[in-house]
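One structure is given below, encoded as structure tokens.
Every number in this text was worked out from the coordinates using simple rules, so none of it is lab data. Note that this is a predicted model, so its numbers are computed, not measured. Ideal geometry is used to build each Cβ from the backbone, glycine not excepted, and the neighbour counts take in all protein chains shown.
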Amino acid sequence: MNLNTLFNPQSIAIIGASRDKEKLGYQILNNIRSGGYRGKIFPINLKAETIDGLEAFKSVKDAKEKIDLAVIVIPAKFVLSEIRNCADAGIKNLVIISAGFSETDAEGKKAEEEIRKIAAEFGLNILGPNCLGFINSYNDLNLTFAKTPPFLPHLPKESRQGRVAIISQSGAIESAVLDWFGDKNFGFSYFISIGNAAVLDENDFFEFLAQDKNTDLIIAYLEEIKDGQRFMEVVSRLSRLKPFAVLKAGRTKAGKIAALSHTGSLAGSDEAIMTGLRRSGAVILEKLEDIFNLTRLAARPAKIKDNNIYIVSNAGGPLVLTTDELEKNNLPLGKFSSVLEKELKTKLSEIKNIHNPFDIIGDATADRYQRALETILADKNINNVLVLLTPQTTTEIEKTAEVISALGKKYAQKLICASFIGGDSLAKGKKILEKNFIPSFDYPEQAVRAMAQMIGYQISKNNIQIYKNNLDSRRQIAPACAGRDGSKQAIIKNKQLNYLKSFELIKKYGIKTVDNKIIKCEKDLNTLKYPIALKAVGEKIIHKTDKNLIALNLKNASEAKKAFGKFKSVLKQEGNYCLAQTMIGEGREMIVGFKRDEFFGPIIMAGAGGIYTEILKDTQTEIDDIDLPRVMKMIEKLKSYKILSGTRGQKSYDVKALAQAIVSVARLAREHSEIQELDINPLFVTRKGIIAADVRIIT
């Protein structure tokens, strides 16, 4: 899909252009003209002959010239007919500003579906509806109704044209970000408001920006991801080329939905989204301020080589807090070499303690900052420096800012950030830093989080694996859907599969299971080898422990008969029966499973198992295209990994067998699209091998 003409049109029709300054049709026209757009503009208005000195037309067909892009800003009830007029006139690119579609009611949703049909019929690129529009700074095209100070033509191009593209599903968020950019005189490449994304969605714009030579960083504000698997495919490719950061809103609402099984509650919709974002290589933002903070770093395209941080500060308290924040964000403090320590002692003889973090004490002047920073930055092994400053009696704020700015130019390949902590007295110094493209933060914690995000991406980007959507070829699960008597049963949504057939299925994927024997009466208990476990199972029995439907470590037939007697009332219910299982001698209880997400597909989960799984929540999730190396990294992130790998002189458990079981479950998930949830809990990991003691499958 080629979007070049959409974003770089030579001619634009504004359907709904107006003379009334209160109307969007006027505001968009005014923004296009005042922004310096050099192409042709065709105002479309049923009554006016001229608008703002331009000839107006009643219809796009009346213009009788080639039009690359049409902007529709009229009431929703007239939009469909105007889309058809544009299609008949050969216009392939449209921006629908108009609201009143799927965000309103059923009728609006129906109209939006009609937009999709027309677009498919005529091959149209449509942005919107219900959007703010877009800005292309490099084409001087402001096609929005937002107040956009950085786009006014009196500002120099470097204050308008930057290397950051912003995509938002919220026009209000985009307006706020634009206002911030204007206040900071910060440039950008594109601002794109996608609105309802009826035709073109976020993935289409990500693909376009991946190849855009004017964009080095893409930041997205998303409230939903409609096609998670395409998202992972597009973004994993993009992330190998340039950083992609996303602030995902609406996470907690999705997370409130309770699922039937352990896996469902631990790998629910919110976790699915986060897993998908991690798999794609995206930089995950947590707060709105992270957009601004990461954008600051984009102004300085440093070549990041490592994650060691070096701090220079004139105040001990902020230095300590910053050091704490580094540890929280897994950023290590670098260590001064002996050569560098010796040089610093020579050049800063007034400082007694020479180490990183480097406290040059409260009476530091601009000269002391310069001597310290010049010496540190000259070291070829030091790449990431954070400068802290608090206003004290001898502090030279503006001079220090000039010093940092000059060194920033001299060492352009290094990541140099600053945090001037305080109020109005620091304003001029901060402006100097911003003017010279030194990332400046109000608080050191903001600086650390932004540095962690960018450094983490740069270090790991070459290891991002491109996601391939290979979930289309799957075989069905007929054997697992057979009844206890071997007869075929239809799959019912949200129905638990037959317990024994669930065991048979995971066996086919190489997962060893406990021996199971159906107990029909007390006499059957006399023939067993003890110790055993007894379980009452059935389609409606989910958590056996909670309902006292499991008895463990029964040492003889007498104990087993007592337990069996307690199950009798439940066993009378249709479909329920009793099973005897061999007890596992030793091993760590783990859980392995998956939940099929509507948008991202199967989310594979593994972690500490047993009856306290949901309380401990020591789990990790991955997308189903995992391989053994990625699974091993997944396991190593578990808190329980230290126990599995052997601690305090204990022998290790068979982690490789656990990893292989997880890979097998992922393959099962890919090959059985009708299974919605599966969990094996507990999966005992022994010193040599694994064995599944319980399995639950929901279709």
Handout entry: Shape call, the chain: gyration tensor on alpha carbons, a/c limit 1.5
Key = oblate
Practice task
Place the peptides 88-97, 501-510 in order of packing, highest mean first, counting for every residue the other Cβ atoms within 10 Å and averaging per peptide.
Solution key: 88-97, 501-510
Exercise for the section: Please report how far the C-alpha centroid of the stretch 610-651 lies from that of the stretch 340-362, rounded to the nearest whole angstrom. Expected result: 44 Å
Exercise for the section: With a ≥ b ≥ c taken as the square roots of the eigenvalues of the C-alpha gyration tensor of the stretch 12-158, please select rounded if a/c is under 1.5 and otherwise prolate if a/b is larger than b/c or oblate if it is not? Expected result: prolate
Exercise for the section: Specify the inter-centroid distance of the stretch 558-593 and the stretch 161-208, based on alpha-carbon positions, in whole Å. Expected result: 57 Å
Exercise for the section: Rounded, prolate or oblate: pick one for the stretch 4-256, where a ≥ b ≥ c are the square roots of the eigenvalues of its C-alpha gyration tensor, a/c under 1.5 means rounded, and failing that, prolate if a/b is larger than b/c, else oblate. Expected result: oblate
Practice task
Report, in degrees rounded to the nearest 10, the 0 to 90 angle that the Cα long axis of helix 655-671 makes with the longest principal axis of the chain.
Solution key: 80 degrees
Handout entry: Centroid-to-centroid separation of the stretch 514-555 and the stretch 666-695 [C-alpha atoms, Å]
Key = 20 Å
Exercise for the section: Would you kindly derive the ³J(HN,Hα) couplings of the stretch 337-350 from the backbone phi angles with the Karplus curve 6.51 cos²θ - 1.76 cosθ + 1.60 (θ = phi - 60°), listing them in order in whole Hz, with x for Gly and Pro? Expected result: 6, 4, 5, 5, 4, 5, 5, 5, 4, 6, 7, 10, 5, 6
Exercise for the section: Compute the acute angle (0 to 90°) between the alpha-carbon long axis of helix 499-508 and the principal axis of greatest extent of the alpha-carbon atoms of the chain; round to the nearest 10°. Expected result: 70 degrees
Practice task
Assuming 1.306 mPa s and 10 °C, estimate D for the stretch 515-583 with Stokes-Einstein, Rh taken as the Kirkwood radius over Cα pairs, in µm²/s.
Solution key: 134 µm²/s
Problem - Cβ-based charge dipole, the chain, positive-most Cα from SER280, PHE191, LEU46 - result: SER280
Completion exercise
Per-residue ellipticity at 222 nm attributable to helices in the chain (runs of n ≥ 4 DSSP H, -39500 (n - 2.57) apiece, nearest 500 deg cm²/dmol) works out to -10500 deg cm²/dmol
Problem - Neighbour-count ranking [beta-carbon atoms within 10 angstrom, fewest first] of HIS355, HIS672 - result: HIS355, HIS672
Completion exercise
For the chain, percent of DSSP beta bridges that are antiparallel (nearest 5) comes out at 50 percent
Problem - Sparse-neighbour loop sites [trypsin sites (Lys or Arg not before Pro); the stretch 378-410; at most 14 other C-beta within 10 Å; DSSP] - result: LYS380
Exercise for the section: Select from GLN211, LEU319, TYR577 the residue farthest towards the positive end of the dipole of the chain; place +1 on Cβ of Lys and Arg, -1 on Cβ of Asp and Glu, and compute about the Cα centre. Expected result: TYR577
Exercise for the section: Would you mind working out the magnitude of the charge dipole of the stretch 515-583 relative to its Cα centre, with +1 at each Lys and Arg C-beta and -1 at each Asp and Glu C-beta, to the nearest 20 Debye? Expected result: 180 debye
Problem - Relative packing of 557-565, 176-184, which averages over residues the other C-beta atoms within 10 Å, highest first - result: 176-184, 557-565
